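Input: a single structure, listed below in structure tokens.
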Amino acid sequence: MNKLTFLNKVIFVIATSFSLSLTGCATPVTVDNTVKKTTEATLIPFEENYKWGYKVDGKIVIPLRYDFTLGFSEGLAVVKKGEKWGFINTQGEEIISAKYDYAQNFKNGLASVKKGDKWKFIDKQGKEVSSVKYDFANEFREGLASIKQGNKWGFINKQEKIVIPIQYDFAGSFSDGLVNVKKGDKWGFVNKQNKIVIPLQYDFAGGFSEGLASVKKNNKYGFINKRGKIIIPVKYETSNSFKQGLAFVIEDGNSFYINKKGEFVKD
């Protein structure tokens, strides 16, 4: 894949993510009502003529009526209608009305939503469960959620107790017991007791996925394991997290996928 093709893909993702409102002649779409819509894993979001819906095995089961959608999580999916966000179930029924300025998927029974310039948590009935409003609230992962107050980040549990002090300049989400955090201009990893497991020594560190995390040093990227050992050399111009055993990387202007051994797999 050359640079131009990669750039075109990036532009397309950005355009659809922000749901640019463009007019055009839409082709009539047939909804297949014979397909059972009970398994969230089979419901795949798709876009056509700048509207979004869901398919099962290639058949449309939830019509193209949204301006953006995410995948299902814990039985509900985030959808955008106009400028507002809400939640639907696997039958396409609106469970929580589209009234938020932004929303994230449900994790551990709670979802973070934004109204105005503040974030809070709601349950699956749309009931507000937060006693505190945050400048940002991430989704819960492994029982904890990163939250931002002012310019600093920390972690709360589902009872909203601060379990990791609000002291970092950035914090991601927990994966396999570790989370990427930033202090000053360096990144590293801490555990749920806020103990530094991998020193804050990187120019950037992504979260762990499938046992490996992307890290940056001296403008190059590579991958480390949970012990901080470099598994794939720090030599790429960019890198994404591993998914299904593959990671997207760019080296010398060429983009391709590698496996967990750092071997070329495909363009």
Problem - Tabulated pairs, the range 250-267, first over 18 Å from residue 213 (Cα atoms), second surrounded by 15 or more Cβ atoms within 10 Å (Cβ to Cβ) and polar (S, T, N, Q), C-beta under 8 angstrom, 6+ apart or interchain - result: 267/255
Exercise for the section: For the range 228-267, name all the residues that are charged (D, E, K, R) and modelled with pLDDT of 95 or more. Expected result: 229, 235, 237, 243, 251, 252, 260, 261, 263
Exercise for the section: Considering every residue within the range 232-245, establish whether at least one is in contact with a Ser or Thr (Cβ under 6 Å, 6 or more places away or on another chain), surrounded by 14 or more Cβ atoms within 10 Å (Cβ to Cβ) and of a type in the set (S, T, N, Q). Expected result: yes
Problem - Residue match in the range 92-102 (condition: of a type in the set (S, T, N, Q), modelled with pLDDT under 95 and on the phi < 0 side of the Ramachandran plot) - result: no
Problem - Residues of the range 177-211 that turn out to be within 19 Å of residue 242 (Cβ to Cβ), over 16 Å from the mean Cα position of the chain (by Cα) and not in a strand (DSSP E or B), as a count - result: 2
Fill in the blank from the handout: Within the range 138-178, residues among the basic types (Lys, Arg) and either crowded, with 21+ Cβ neighbours inside 10 Å or within 21 Å of residue 209 (Cα to Cα) (or both) come out as 141
Practice task
Return yes when residue 6 is out of contact with any helix residue (DSSP H, G or I) (no Cβ under 7 Å at 6 or more places or on another chain) and at pLDDT 95 or above and no when it is not.
Solution key: no
Exercise for the section: Please work out if residue 182 is in the same structural domain as residue 257 (by TED's automatic domain parsing), at pLDDT 95 or above and over 20 Å from residue 112 (Cα atoms). Expected result: no
Practice task
Give just the number: which of (1) part of a loop (DSSP other than H, G, I, E, B); (2) crowded, with 21+ Cβ neighbours inside 10 Å does residue 113 not satisfy?
Solution key: (1)
Exercise for the section: Any chance you could count how many residues in the range 192-215 are under 23 Å from residue 157 (Cα atoms) and either surrounded by 15 or more Cβ atoms within 10 Å (Cβ to Cβ) or in contact with a Pro (Cβ under 7 Å, 6 or more places away or on another chain) (or both)? Expected result: 8
Handout entry: Residues located in the range 54-75, provided they are crowded, with 21+ Cβ neighbours inside 10 Å, closer than 21 Å to residue 124 by Cα and touching a strand residue (DSSP E or B) at 6+ places or on another chain (Cβ under 7 Å)
Key = 54, 62, 66, 69
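The values are calculated or read from the model by the stated rules, or taken from the named source; none is laboratory data. Treat the numbers as computed from the prediction; the structure is a model and nothing was measured. Here the Cβ is made from the backbone with ideal geometry for all residues, glycine too, and neighbour counts use every protein chain on show.
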